[in-house]
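The values are calculated or read from the model by the stated rules, or taken from the named source; none is laboratory data. Here the structure is a predicted model, which is why all the values come from computation and not from measurement. So basically every Cβ, Gly included, is an ideal-geometry build from the backbone, and we count neighbours across all protein chains shown. To get the accessible areas, we keep the full protein, side chains included, count just its heavy atoms, and leave off ligands, DNA and RNA. Shrake-Rupley method; radii C 1.70, N 1.55, O 1.52, S 1.80 Å.
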Amino acid sequence: MATAAYPGWMIDCKTEVTKSKEWSTVTRELHAAIEQELTESHVAQFTDLSEAEKRLLMNRAANAIQHGDAYKSFNSKLSTFLDHYLNNYVGQQLLEEFPSESKTDLILHQVREGAFGLLRRWPEMKCKLHLCFNQNLPDRLRQMAWKLNLRNPKARSSYLEILKADPNSAMSVMDLDIIHKCEILLQAEPTFRNLSHNADILHAMKAVLSYHHARKNTQTSLVDTDYMLVIPFIVHLLTTLRPDQLVAENCRALLIEEYITFMATRPLYMKEAFNPESNAAMQNLISTVADILERHGSKLARHMQKTFKAANNLEGQEALLEGLKSLIRPMVRCMFVGYLTLDTVLYIWDQHIIGLDTPIYDIVPTMAAVVLKLLNQTLMECSTLYGMEEALKRDASSLTKEQFMYEINKHFYQDLFAILNKDHGRLPVLDPTQMAMPWSQWNKNVIPPNLTAQDRQQAREQRQSKKQRELYQRHQEEEERHRQKHEEKHQREQDEKDKQNLEKLLQQERQEREKHDRQTKQEIDVLKKEIDRLKMIQQPSNRPGSLSEPSSQGRQPDSPPRTSSGDADRGDRTGAEKTTKDMLNHFANGARSLGGQSQ
């Protein structure tokens, strides 16, 4: 079990409880009761049972020992530990953190955090929310209650799979018509004024209704109540989220999951009128409302009966039932949305949703009767059915949730609370005016008290000194972070300069290398030309038209000997060859030198 989900005082309390002798005693009795249940059920091992069977057997065993002395002692010890550790935790907050909230507010906040952790860990304990009947639920607890009671993993996963495979399949063919009607509704309805002119709210509402219509697979448009019933789901999320967060995929999936589940589980009288079962359920609801009015507002019931008799040409009880049907049916089908303020609507929906796990519980008839009872004076002034309908539509928005809570507590609390918890065992009725406070330390200071002015001054000085040390430490850490940032910035600038210098050096070397390459190429070209010229010199001269030497037979014997031109030519060639070799060696050495420099 992850401890991060629970407040610290709850973890400390659990540690102490598990060390107590009361815990050891009650666990021994619980194990004995489990063994007895296994024996009676002819089950060899507890591990042979499924998870559901294990929970059922554990509940039976717990119910078997909850009236014994061991359980009572353990419950008393647990209450004492909770009182002690919660009070100590809040007292420490008051001394160290100087909160603006009162001690009572801090205690309630910590209790809510503990309840959130327990419900997240064990969602099957949602029936414990019945204790919140006729209470104004905090925003986060309301979201938790709606999420647990309207949980539908199949609907959520189906939407996400369709959205992933083909987003267009999650949209209705009448998508444009739906968003147009949503915009008109938000702007026209006075109780929705705070929701109008916001594109994110509009698109979130459209996404839910478009998917709802696509699932119906029909060409007919949605009815007006479908549009009205999506509003509370958007409003209850807006208590902790910004409007732009509603269009996120996870929020849209949550809205669709809760809306689809609510529409599937809503009472029959809220569904279409052409359904025979719906008409029968509506008739039962009207009968219940009429009975409540006759018991708690007989004068109004007689006035309505007289007024409806003239409108419908009916007599007695039949006239009252038919008139009430015409009067409250539109309000009931949309579960008070559009009639009451959104804050009051959320309160009524809370009372309905926390009882979804109890089929026989239905708060709607009582709330409808309370609306008429609270508007008693206005309705008594109306002489026609039409006038009552207009008065209901006009003046119901002035009613507050506190008025509803007072009427429920005064006339209906005991009966409704008993119905709500009929199948969930006994739960205490928490009425602070009728019961003693179970905890005694919540209004006491168990933190060591500061009895004298010197003690209080010393405690203040210690707290101030601690805060100054923390501030100094934070200041030092901030300076160290700034220094590190400055050094990192300086190092980055230095690295950038070094990089630029290296790039300049590389550019210079590149230019020098290109220059040496050009010079080498030029000298090689000159050398090639000189070689070609010398090769031309080495070749014998064969000029056309030159005379051939006279034959030795034709020479005069007495002619003096002459040096032949061939010897002269050989001498010239030998000198030229030597000169050529010297030049070749010279240019070869120069080329090697230039080549080495270029490298």
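Report yes if some residue within the range 262-272 is acidic (D, E), touching a residue at least 24 places away in the same chain (Cβ under 8 Å) and buried (at least 16 other Cβ atoms within 10 Å of the Cβ); otherwise report no. Quick ask: steps written out before the conclusion?
First, the residues of the range 262-272 that are acidic (D, E): 272.
From the residues that got through so far, the ones that are touching a residue at least 24 places away in the same chain (Cβ under 8 Å) too are 272.
Narrowing the set further to residues that are buried (at least 16 other Cβ atoms within 10 Å of the Cβ) leaves none.
The answer is no, given that none of the residues of the range 262-272 is acidic (D, E), touching a residue at least 24 places away in the same chain (Cβ under 8 Å) and buried (at least 16 other Cβ atoms within 10 Å of the Cβ).
How about the range 201-240: which of its residues are open to solvent by 50 Å² or more (accessible area, probe 1.4 Å) and on the phi < 0 side of the Ramachandran plot?
Step one: list which residues in the range 201-240 are open to solvent by 50 Å² or more (accessible area, probe 1.4 Å), which gives 203, 215-217, 219-221, 223-224, 239-240.
Scanning the range 201-240 gives H203, R215, K216, Q219, T220, S221, V223, D224, T239, T240.
Out of curiosity, is Q464 closer than 30 Å to E96 by Cα and either surrounded by 10 or more Cβ atoms within 10 Å (Cβ to Cβ) or hydrophobic (A, V, I, L, M, F, W, C) (or both)? Break it down into steps so the answer makes sense when it comes.
On the way: closer than 30 Å to E96 by Cα: yes; either surrounded by 10 or more Cβ atoms within 10 Å (Cβ to Cβ) or hydrophobic (A, V, I, L, M, F, W, C) (or both): yes.
It is true that Q464 is closer than 30 Å to E96 by Cα and either surrounded by 10 or more Cβ atoms within 10 Å (Cβ to Cβ) or hydrophobic (A, V, I, L, M, F, W, C) (or both).
Of the numbered conditions (1) part of a helix (DSSP H, G or I); (2) in contact with a helix residue (DSSP H, G or I) (Cβ under 8 Å, 6 or more places away or on another chain); (3) open to solvent by 70 Å² or more (accessible area, probe 1.4 Å); (4) without any contact (Cβ under 8 Å) to a residue 60 or more places away in the chain, A44 fails exactly one; give the number of that condition.
All conditions pass for A44, except number (1).
What number of residues within the range 150-205 are under 20 Å from the mean Cα position of the chain (by Cα), under 18 Å from L222 (Cβ atoms) and small (G, A, S)?
2
Considering each residue of the range 288-332, count those that are outside any helix (DSSP H, G or I) and over 48 Å from the mean Cα position of the chain (by Cα), and give that number. Reasoning before the result, please.
Here is the first cut: in the range 288-332, the ones outside any helix (DSSP H, G or I) are 297, 313-315.
Okay, now just the ones that are also over 48 Å from the mean Cα position of the chain (by Cα), so 313-315.
The number of residues fulfilling the criteria is 3.
Scanning the range 397-424 for residues that are touching a residue at least 60 places away in the same chain (Cβ under 8 Å) and assigned to a loop (DSSP other than H, G, I, E, B), which turns out most open to solvent (accessible area, probe 1.4 Å)?
Per the stated criteria, the residue is K422.
Tally time: how many residues in the range 351-396 are touching a residue at least 24 places away in the same chain (Cβ under 8 Å), surrounded by fewer than 17 Cβ atoms within 10 Å (Cβ to Cβ) and closer than 26 Å to F262 by Cα?
Here the count works out to 3.
Condition (residue is more than 27 Å from H197 (Cα to Cα), open to solvent by 70 Å² or more (accessible area, probe 1.4 Å) and not in a helix (DSSP H, G or I)) applied to the range 158-173: is it met by at least one residue?
Looking for residues that are more than 27 Å from H197 (Cα to Cα), open to solvent by 70 Å² or more (accessible area, probe 1.4 Å) and not in a helix (DSSP H, G or I), one finds none in the range 158-173, hence no.
How many of the residues making up the range 303-350 are under 23 Å from Q403 (Cβ atoms), open to solvent by 10 Å² or more (accessible area, probe 1.4 Å) and either of a type in the set (D, E) or without any contact (Cβ under 8 Å) to a residue 24 or more places away in the chain (or both)?
Residues meeting the conditions: 2.
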